[in-house]
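Undergrad: Once you've had a glance at the structure underneath, I'll fire off some questions.
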Amino acid sequence: MTVTQVEATDKDVELLAKLARGKDRVLEQVGHRIIGQQDVLEGILTATVSGGHALLVGVPGLAKTLMVSTLAEALSLDFSRIQFTPDLMPSDITGTEIIEEDPTTGKRQFRFVHGPVFANVVLADEINRTPPKTQAALLQAMQEHEVTASGQTFHLPEPFFVLATQNPIEQEGTYPLPEAQLDRFMLELKVEYPRREEEERIAEETTGDDVQPVESVLSAKDLLEMQHLVRRIPAPREVVKAAVLLARMTRPSDDDAPAFIREYVDWGAGPRASQYLVLGAKAKAALDGRPMADLDDVKSVALPVLRHRIGINFAAEAAARTSEDVCKELVEQTAWIRSGA
């Protein structure tokens with residue numbers, strides 16, 4: 001990723017204002033059906049305008065699926081939901097070939113029928129409920145935005161992003177995502193229980209007969225334009241240096257790694273984490289209507305970028321330390337911020 005310092009054009013300034021307004025309007029429309037979860041929704045928008053994918057982790061009943069479908073509705077995007085199960089096959093995701101007969105000539109030929117992955121927003125519901133063979137069907141789609149089948153390559157519609165959900169407490173009949181698959185997700189977002197007053201509103205508003213409408217706020221064309229805008233947002237050299245240092249500090253073999261990382265971590269985040277820290281910081285700035293990313297933006301995306309990219313060891317498990325705990329301690333340190341300044 002090349003980061004350059006450029007002066008914002010008048011058009012970019014207008015687009016920044018439009019994106020900031022669009023964010024507020026999208027959150028307002030989604031709020032008609034989703035109560036609370038502002039951090040998760042902003043995280044999804046951060047991934048969306050960055051062109052990345054997000055993994056939503058939370059116990060059942062927290063409206064993860066409704067959150068994604070409502071967001072797709074507010075953005076006027078084609079939405080597809082795939083329920084991952086142990087018997088799901090790769091072709092159930094990507095599509096399959098069928099034999100088609102011409103009624104006039106009687107000639108038969110194969111025709112590829114697109115699977116549910118051919119959509120702007122693909123909800124991979126309970127992604128860890130299917131074996132790695134089927135999980136891998138998403139790898140090419142997530143990385144290259146393409147699907148290869150029967151020797152042909154088909155391009156996916158743009159914009160394209162995968163929002164996957166995962167239940168952290170259910171282990172029976174589940175298959176942990178391989179590290180290569182986890183690394184494709186820009187952010188891992190934790191969906192927490194609502195606050196008491198929020199849950200009271202949920203219980204009151206969702207047990208009535210009224211269905212709240214959701215208006216379209218942005219179009220697919222708008223979103224593509226804003227994804228390009230996010231990449232044009234300049235990241236000062238100090239921001240890039242801080243992001244790279246933070247990612248390197250997660251690697252126990254690196255000279256910059258603190259003692260607790262060497263003690264508790266088997267492997268750290270790769271270069272994709274550095275890229276996503278910078279890109280996420282740009283997206284945060286753009287969503288706020290600011291023309292340049294800063295160190296606070298890096299810090300705000302650090303935890304969701306890093307926590308699923310850290311492999312802890314037995315010593316961490318024995319000390320009851322999770323990858324989340326390790327990443328929180330690292331993010332709260334100031335060494336990487338001072339080095340970027």
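Undergrad: If I filter the range 137-145 for residues that are surrounded by 13 or more Cβ atoms within 10 Å (Cβ to Cβ), of a type in the set (A, V, I, L, M, F, W, C) and in a loop (DSSP other than H, G, I, E, B), do I get at least one hit?
TA: Here is the first cut: in the range 137-145, the residues surrounded by 13 or more Cβ atoms within 10 Å (Cβ to Cβ) are 137-142, 145.
When the remaining residues are screened for being of a type in the set (A, V, I, L, M, F, W, C), the result is 137-139, 141-142.
Checking which are in a loop (DSSP other than H, G, I, E, B) leaves us with none.
No - not one qualifying residue is present in the range 137-145.
Undergrad: Right, another one. May I ask you to list the residues in the range 160-179 that are closer than 29 Å to LYS284 by Cβ and either touching a helix residue (DSSP H, G or I) at 6+ places or on another chain (Cβ under 7 Å) or in contact (Cβ under 8 Å) with a residue 60 or more places away in the chain (or both)?
TA: From the range 160-179, those closer than 29 Å to LYS284 by Cβ are 160-168, 177-179; that's our starting set.
Passing the criteria: PHE161, VAL162, LEU163, ALA164, THR165, GLN166, ASN167, PRO168, LEU177, PRO178, GLU179.
Undergrad: Pick out the one residue from GLU100, GLU14, GLU7 that is modelled with pLDDT under 90, within 30 Å of VAL244 (Cβ to Cβ) and either in contact with a strand residue (DSSP E or B) (Cβ under 9 Å, 6 or more places away or on another chain) or not assigned by TED's automatic domain parsing to the domain that holds GLY151 (or both).
TA: Matching residue, one of GLU100, GLU14, GLU7: GLU7.
Undergrad: Then there is this: Being free of Cβ contacts under 8 Å to residues at least 24 places away in the same chain and hydrophobic (A, V, I, L, M, F, W, C) is the filter here, so list the residues in the range 105-118 that pass it. Walk me through how you get there before you give the answer.
TA: Applying the first criterion (free of Cβ contacts under 8 Å to residues at least 24 places away in the same chain) to the range 105-118 yields 105-109, 111, 113.
Listed by number, the list holds a single entry, VAL113.
Undergrad: Cβ-Cβ under 9 Å, sequence separation 6+ or interchain: first residue in the range 197-210 and small (Gly, Ala, Ser), partner surrounded by 13 or more Cβ atoms within 10 Å (Cβ to Cβ). Which pairs?
TA: none
Undergrad: Among the residues of the range 175-201, which ones are under 21 Å from VAL49 (Cα atoms) and touching a Ser or Thr at 6+ places or on another chain (Cβ under 8 Å)?
TA: Residues satisfying the conditions are MET186, LEU187.
Undergrad: Please count how many residues of the range 144-159 are in contact (Cβ under 8 Å) with a residue 24 or more places away in the chain and either hydrophobic (A, V, I, L, M, F, W, C) or touching a strand residue (DSSP E or B) at 6+ places or on another chain (Cβ under 9 Å) (or both). Talk me through it step by step, then tell me what you get.
TA: The first filter runs over the range 144-159 and keeps only residues in contact (Cβ under 8 Å) with a residue 24 or more places away in the chain, leaving 147, 149-150, 152, 154, 156-159.
With either hydrophobic (A, V, I, L, M, F, W, C) or touching a strand residue (DSSP E or B) at 6+ places or on another chain (Cβ under 9 Å) (or both) added as a condition, the list becomes 147, 149-150, 152, 154, 156, 159.
Within the range 144-159, residues that are in contact (Cβ under 8 Å) with a residue 24 or more places away in the chain and either hydrophobic (A, V, I, L, M, F, W, C) or touching a strand residue (DSSP E or B) at 6+ places or on another chain (Cβ under 9 Å) (or both) number 7.
Undergrad: Right, here's the next one. Test of understanding: among ARG248, ARG290, which residue is over 28 Å from ALA119 (Cα atoms) and in contact with an Asp or Glu (Cβ under 6 Å, 6 or more places away or on another chain)? Quick ask: steps written out before the conclusion?
TA: Numbers: ARG290 fails: in contact with an Asp or Glu (Cβ under 6 Å, 6 or more places away or on another chain).
The match here is ARG248.
Undergrad: When the range 181-235 is examined, which residues are found to be exposed (fewer than 13 other Cβ atoms within 10 Å of the Cβ) and hydrophobic (A, V, I, L, M, F, W, C)?
TA: Of everything in the range 181-235, those that are exposed (fewer than 13 other Cβ atoms within 10 Å of the Cβ) and hydrophobic (A, V, I, L, M, F, W, C) turn out to be ALA203, VAL211.
Undergrad: Assess whether VAL122 counts as being part of a loop (DSSP other than H, G, I, E, B), crowded, with 23+ Cβ neighbours inside 10 Å and modelled with pLDDT of 90 or more.
TA: Working: part of a loop (DSSP other than H, G, I, E, B): no; crowded, with 23+ Cβ neighbours inside 10 Å: yes; modelled with pLDDT of 90 or more: yes.
Criteria not met by VAL122.
Undergrad: On to the next question. Hey, among the residues in the range 227-264 that are out of contact with any Pro (no Cβ under 8 Å at 6 or more places or on another chain), outside any helix (DSSP H, G or I) and not charged (D, E, K, R), which one's nearest to ASP10 (Cα to Cα)?
TA: The selected residue is ALA235.
Undergrad: Follow-up question, since we're still on this one. Within the range 280-328, can you find the residues that are more than 23 Å from GLU238 (Cβ to Cβ), surrounded by 18 or more Cβ atoms within 10 Å (Cβ to Cβ) and among the β-branched types (Val, Ile, Thr)?
TA: If the condition is that a residue be more than 23 Å from GLU238 (Cβ to Cβ), surrounded by 18 or more Cβ atoms within 10 Å (Cβ to Cβ) and among the β-branched types (Val, Ile, Thr), then ILE310, ILE312, VAL326 are the ones that fit.
Undergrad: On to the next question. Here is a check on your reading of the model: is GLY270 farther than 24 Å from VAL191 by Cα, modelled with pLDDT of 90 or more and either of a type outside the set (Lys, Arg) or more than 17 Å from the chain's Cα centre (by Cα) (or both)? Reasoning before the result, please.
TA: Numbers: farther than 24 Å from VAL191 by Cα: yes; modelled with pLDDT of 90 or more: yes; either of a type outside the set (Lys, Arg) or more than 17 Å from the chain's Cα centre (by Cα) (or both): yes.
When the stated conditions are applied, GLY270 passes them.
Undergrad: Among the residues of the range 176-210, count how many are farther than 28 Å from GLN275 by Cα and either among the acidic types (Asp, Glu) or in a loop (DSSP other than H, G, I, E, B) (or both).
TA: Start the filter on the range 176-210 by keeping residues that are farther than 28 Å from GLN275 by Cα, which leaves 193-210.
From what's left, either among the acidic types (Asp, Glu) or in a loop (DSSP other than H, G, I, E, B) (or both): 193-195, 197-200, 204-210.
Here the count works out to 14.
Undergrad: Quick one: which helices (runs of 4 or more DSSP H) lie wholly within the range 1-104 and hold at least 3 residues that are surrounded by 13 or more Cβ atoms within 10 Å (Cβ to Cβ) and touching a residue at least 60 places away in the same chain (Cβ under 8 Å)? Please lay out each step first, then the result.
TA: On the way: elements: 10-30, 38-50, 64-74, 91-94.
Those helices (runs of 4 or more DSSP H) span 10-30, 38-50, 64-74.
The values are calculated or read from the model by the stated rules, or taken from the named source; none is laboratory data. Predicted, not measured: the structure shown is a model, and the values here were computed from it. Because the Cβ atoms are built from the backbone with ideal geometry, glycine has one as well, and the counts that use them run over all protein chains shown.
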